[in-house]
Amino acid sequence: MRNFATILLLSAGTPMILAGDEFGRTQRGNNNAYCQDNEISWVDWRLLEAHADLFRFFMHLIQFRRAHPLLRRDTFDIDEEGRGLHIAWHGIELGKPDWS
């Protein structure tokens, strides 16, 4: 879970975290639990106490993301040569991205 959380929170873009992910809640593999009113879609708050270490890990990752603006970019600026200012874009040839 920590590896997946790290990949998610340190990737470019908006991290999509569902309520309870930060303390190990699952929906038993069901990604359509929004239409169910049973234990699959309910949040078991006892997991927060049971997985307090995972919750703390998420908090540290979020603090790290907030402290490093490069991890939460909302644009991808490109200079006059077509290169990213903070990100190097490449295609088949080095420095020549294929935007098609």
Scanning region 9-30 for residues that are surrounded by 16 or more Cβ atoms within 10 Å (Cβ to Cβ) and not in a loop (DSSP other than H, G, I, E, B) gives LEU9, ASP21, GLU22, PHE23
* Asked: So is LEU54 surrounded by 14 or more Cβ atoms within 10 Å (Cβ to Cβ) and modelled with pLDDT of 90 or more or not?
  -> yes
Scanning region 31-51 for residues that are outside any loop (DSSP other than H, G, I, E, B) and at pLDDT 90 or above gives ARG46, LEU47, LEU48, GLU49, ALA50
Listed by first then second residue, the pairs whose first member lies in region 8-21 and is touching a residue at least 12 places away in the same chain (Cβ under 8 Å), whose partner is part of a loop (DSSP other than H, G, I, E, B), with beta carbons under 6 Å and at least 6 positions apart or on separate chains, are LEU9/PRO15; ALA19/VAL43; GLY20/VAL43
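The values are calculated or read from the model by the stated rules, or taken from the named source; none is laboratory data. Small disclaimer: the values here were computed from a predicted structure and weren't measured. As a convention, Cβ positions derive from the backbone with ideal geometry for all residues, glycine included, and neighbour counts pool all protein chains shown.
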